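Below is one structure; the comments refer to it alone.
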């Protein structure tokens, strides 16, 4: 009986819009149960309608947030995978070449060179190689030039040949 | 607000928005969807202009205006054009059948209320907003919201008690 009196008092406050959200929840919960009081029975459909409708929204929101949280989690993982990959790469290079942080870095013919002068001499050697190659190239172009001269000398003969065929 | 943040906010709100809009329309969920879409577009436009402090209240406020516009438009267009338009009254047989069957349709309860009262009841009793949030959405004071709400609930009470008597007699 006490419960019914409490609900009736809450109902009065509800209809005067004086109840808090918590108290309104108590009312909705009460009307979900098997109400026997004749006077209170009249309000049952209204409160049940409110509860049903609120449940529908909550259900939809729950579906929505679960979809969202999984997609967020996935993108979060991807973001951290790239950071982890970069960190692993940095660590790897450090482990492979630990003591060469500040010195001259030069690799010639697959040999690591630390001495500056040795590097310069090796570079000179390479440059002279290239120079000699350029010299050979020059020689071959000179030969081509002489071939060109022969072509020039032949051109009057070719024009004569043309003239002869036209006359035919 | 970046488009991604905006999408997250909007998708979180969407079920509530759809529910709210569907309280205004009788011709199916697609119209409610359209109204929500219109409100979201308006929200996006306003988010370009200013930083939104309370996106939920602003969205509900915009949607409320969209819904009221829809009702006005519908009244202007449909009532005069449709000769079969029918105003449902308490004596209507269809309504009587609905009540007899205790068809649980929140719209049948709320349809007897003026729009502002109906909105107040929806926001409070279904969506569970606090008084100050409802005041923000409706653009009015908390005291005014309480008045709206108590008037609406009293009317619902009268209706329920009258139905109860009918059923018993």
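The values are calculated or read from the model by the stated rules, or taken from the named source; none is laboratory data. Predicted, not measured: the structure shown is a model, and the values here were computed from it. Methodologically, a virtual Cβ is constructed for each residue, glycine included, from the backbone with ideal geometry; neighbour enumeration extends over all protein chains shown.
Suppose the filter is at pLDDT below 85, within 14 Å of chain B (Cβ to nearest Cβ) and in contact with a helix residue (DSSP H, G or I) (Cβ under 9 Å, 6 or more places away or on another chain); does residue A:64 pass it? Taking the combined requirement at face value, the residue satisfies it. Can you tell me how many residues within region B:124-142 are without any contact (Cβ under 8 Å) to a residue 24 or more places away in the chain, part of a helix (DSSP H, G or I) and more than 10 Å from every other protein chain (Cβ to nearest Cβ)? Qualifying residue count, region B:124-142: 4. Just to be sure, is residue B:121 assigned by TED's automatic domain parsing to the domain that holds residue B:42, touching a helix residue (DSSP H, G or I) at 6+ places or on another chain (Cβ under 7 Å), at pLDDT 70 or above and assigned to a helix (DSSP H, G or I)? It is false that residue B:121 is assigned by TED's automatic domain parsing to the domain that holds residue B:42, touching a helix residue (DSSP H, G or I) at 6+ places or on another chain (Cβ under 7 Å), at pLDDT 70 or above and assigned to a helix (DSSP H, G or I). So, in region A:29-43, exactly how many residues are crowded, with 19+ Cβ neighbours inside 10 Å and within 9 Å of another protein chain (Cβ to nearest Cβ)? Matching residues across region A:29-43 total 2.
Quick one: which of A:24, A:53 is at the interface with another protein chain (Cβ under 8 Å from one of its Cβ atoms), assigned to a helix (DSSP H, G or I) and at pLDDT 90 or above?
On the way: A:53 fails: at pLDDT 90 or above.
Of the residues listed, the single one that is at the interface with another protein chain (Cβ under 8 Å from one of its Cβ atoms), assigned to a helix (DSSP H, G or I) and at pLDDT 90 or above is A:24.
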